[in-house]
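The values are calculated or read from the model by the stated rules, or taken from the named source; none is laboratory data. Since this is a predicted model, take the numbers as computed values, not measurements. Here the Cβ positions follow ideal geometry from the backbone for every residue, glycine too, while neighbour counts run over all protein chains shown.
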Amino acid sequence: MCDLSQQAHQHFGYIVDTAEVRSLIAETERLSREISDTRVRLERLRPAFASLLAADGWLPEEYAGPDEKSGMGGGIGQYALYRAEDGSLCLFSLVIPPGKRTPVHDHLAWGLVGLYRGRQYETVYRRLDNGRDEGRASLTIERQQNIERGEFYTLLPPDGDIHYVETVSEAPSISIHLLANDTACVWRHQFDPVAGTVSPFRSGYSNAQCPEDSLS
Ligand SMILES: [Fe+2]
């Protein structure tokens, strides 16, 4: 009983339960069972992910707007749409108001990220140091690119895993993220490329809680 209410409170499973979301998650689960090579699996996932980005009407308004109490700052909303209970997969929307940007951050999982509404500008970094000094990170810009509606990119750590994105459209941008962890609840890293520092970072979801045990 206690467990059930805890689970409901944490919003696992299909938080947005539509045919479009179910179809992408089912395809991801099928390919994860059948293909052990992550690079190949991500390639095979592209059509299903493109279909979700192209579809209208499946993302509720409440998960398509900014969040003034954002854990990421800048009014950025991060809304869980699907979360596997074992932390192996999640789908979320990220809403960034015009002119705002995320911190420089990593993801620590493979996945696909694509633009659903608006336009973003992405800056990707490459790490030059070996990571042995816990509080230090030396980053160099690897590439910068506009991301238009319907376009998406691959995360395959360490490739492309450290970046920030900013909204360059007049309306908020909405990106859709399919990642092989419970991204907003995992302790990740936030970087200051100018100071050369790195610190622990956990964004949290705007609409769901993280398991108690990942708080420490
Ligand atoms: Fe990101």
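The set of residues from region 130-185 being farther than 23 Å from residue 43 by Cβ, of a type in the set (A, V, I, L, M, F, W, C) and within 12 Å of the ligand (Cβ to nearest atom) comprises just one member, 184.
When you scan region 52-71, do you find a residue that is at pLDDT below 95, surrounded by 15 or more Cβ atoms within 10 Å (Cβ to Cβ) and under 28 Å from residue 127 (Cα atoms), even just one? There is at least one residue in region 52-71 that is at pLDDT below 95, surrounded by 15 or more Cβ atoms within 10 Å (Cβ to Cβ) and under 28 Å from residue 127 (Cα atoms).
Between 98, 103, the distinction of being of a type outside the set (Phe, Trp, Tyr) and more than 19 Å from residue 179 (Cβ to Cβ) belongs to 98 only. For residues that are among the β-branched types (Val, Ile, Thr) and over 16 Å from the mean Cα position of the chain (by Cα), tally how many sit in region 129-163. Residues meeting the conditions: 2. The residues of region 77-100 that are more than 11 Å from the chain's Cα centre (by Cα) and within 11 Å of the ligand (Cβ to nearest atom) amount to a single one, 96.
Which of the residues spanning region 28-77 are in contact with an Asp or Glu (Cβ under 6 Å, 6 or more places away or on another chain) and closer than 24 Å to residue 103 by Cα?
The answer is 75, 77.
Selection of region 29-43 for residues being part of a helix (DSSP H, G or I) and either farther than 16 Å from residue 155 by Cα or touching a helix residue (DSSP H, G or I) at 6+ places or on another chain (Cβ under 6 Å) (or both) yields 29, 30, 31, 33, 34, 41. With respect to the stated conditions, residue 133 fails to be under 17 Å from residue 199 (Cβ atoms) and either in contact (Cβ under 8 Å) with a residue 60 or more places away in the chain or buried (at least 23 other Cβ atoms within 10 Å of the Cβ) (or both).
Any residue that is in contact with a helix residue (DSSP H, G or I) (Cβ under 7 Å, 6 or more places away or on another chain) and charged (D, E, K, R) - is there at least one of those in region 44-51? Yes, region 44-51 has at least one match. The single condition among (1) within 16 Å of the ligand (Cβ to nearest atom); (2) at pLDDT 95 or above; (3) at positive phi that residue 74 does not meet is (2). Residue 205 satisfies every condition listed in (1) in contact with a Lys or Arg (Cβ under 9 Å, 6 or more places away or on another chain); (2) free of Cβ contacts under 8 Å to residues at least 40 places away in the same chain; (3) assigned to a loop (DSSP other than H, G, I, E, B) except (2).
The C-beta contact set for region 144-156 (first residue on the phi > 0 side of the Ramachandran plot, second residue of a type in the set (A, V, I, L, M), distance under 9 angstrom, 6+ apart or interchain) comprises 150/50; 150/53; 150/54; 150/115.
The set of residues in region 55-92 that are part of a helix (DSSP H, G or I) and more than 19 Å from residue 179 (Cα to Cα) comprises 61, 62.
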